[in-house]
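Asks: One structure follows; several queries about it will come next.
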Amino acid sequence: MSAVTEPTTHSDIIERIKHDHEELEEYYSNYKKAHQRGDEDEAQKWFNQFVWEISRHAVSEELVLYPTLESLGQKGKDLANQSRTDHQVTKDFLEELQRTTDPDAFEQRMDKMMTDLREHIKKEESEDLVYLQEHSTQKSRENAGKMFGLGKLLAPTRPHASVPNNSAAVEAALGLLLTPIDKLRDAFTAYPNKS
């Protein structure tokens, strides 16, 4: 069971994104704990959970948050572009990790990716989400929150670094093609028992 509280159905996009950030931190922590006690099967399950969540989260931000920021002027466009760049770095790391067979190299790369991801999260929460809060209405953030939640239901569950993330329309179309393949792969992937 996740220690992170689920956002309500009326949550705005800011609350939903912060909730996801907390979940990602929890999944990484659970991965590290399992790895440190030598339970590599459990560590792999938590890594799989982490990849599943971050993939859905990133695509939903790219489809909902970043276009919303861009609609709020040049600063919003600049913030969205920087965040897209950060996402691409994370997707590249995740794809590389999934091909890494050396446990020590895997651990080093995972830690480096998480360090970079934490920097992105810090910037996103202190700049992007603050800018959104200051330049949008509660109602528009709630509508964006609903779209963000729907996006996560339809988003691919694996990183696809080759899918362009600078066009919401292209990413959505390619995502819809990749999602069924990811869902099939998910059926054969081990995840942690969170009950």
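Asks: Filter segment 135-171 down to the residues that are part of a helix (DSSP H, G or I) and at pLDDT below 75, then identify the one that is least open to solvent (accessible area, probe 1.4 Å).
Replies: Among those that are part of a helix (DSSP H, G or I) and at pLDDT below 75, it is Glu171.
Asks: Which residues, counting only those in segment 15-36, are of a type in the set (Ser, Thr, Tyr) and free of Cβ contacts under 8 Å to residues at least 40 places away in the same chain?
Replies: Tyr27, Ser29
Asks: Still on this model: Return the residues of segment 27-58 that are over 12 Å from the mean Cα position of the chain (by Cα) and among the polar types (S, T, N, Q); say none if nothing qualifies.
Replies: Hits for segment 27-58 are Ser29, Asn30, Gln36, Gln44, Asn48.
Asks: For segment 55-74, check the following and say yes or no: at least one residue is modelled with pLDDT under 90, of a type in the set (Ser, Thr, Tyr), open to solvent by 70 Å² or more (accessible area, probe 1.4 Å) and not in a helix (DSSP H, G or I).
Replies: no
Asks: Another one. Only residues in segment 63-79 that are within 13 Å of His135 (Cα to Cα) and in contact (Cβ under 8 Å) with a residue 40 or more places away in the chain count as the first member; pair them with residues that are of a type in the set (Lys, Arg) and open to solvent by 40 Å² or more (accessible area, probe 1.4 Å), Cβ under 9 angstrom, at least 6 apart or cross-chain, and list the lot.
Replies: Listed pairs, sorted by first residue: Leu69/Lys75; Leu69/Lys77.
Asks: Looking at (1) in contact (Cβ under 8 Å) with a residue 24 or more places away in the chain; (2) among the hydrophobic types (A, V, I, L, M, F, W, C); (3) closer than 21 Å to Tyr27 by Cβ, which one does Leu132 not meet, given that it meets all the others?
Replies: Of the numbered conditions (1) in contact (Cβ under 8 Å) with a residue 24 or more places away in the chain; (2) among the hydrophobic types (A, V, I, L, M, F, W, C); (3) closer than 21 Å to Tyr27 by Cβ, the odd one out for Leu132 is (3).
The values are calculated or read from the model by the stated rules, or taken from the named source; none is laboratory data. Keep in mind that this is a model prediction, so the values were computed, not measured. Note: ideal-geometry Cβ built from the backbone for every residue, glycine included; neighbour counts use all protein chains shown. For accessibility, only protein heavy atoms count, side chains too; no ligands or nucleic acids. Shrake-Rupley method; radii C 1.70, N 1.55, O 1.52, S 1.80 Å.
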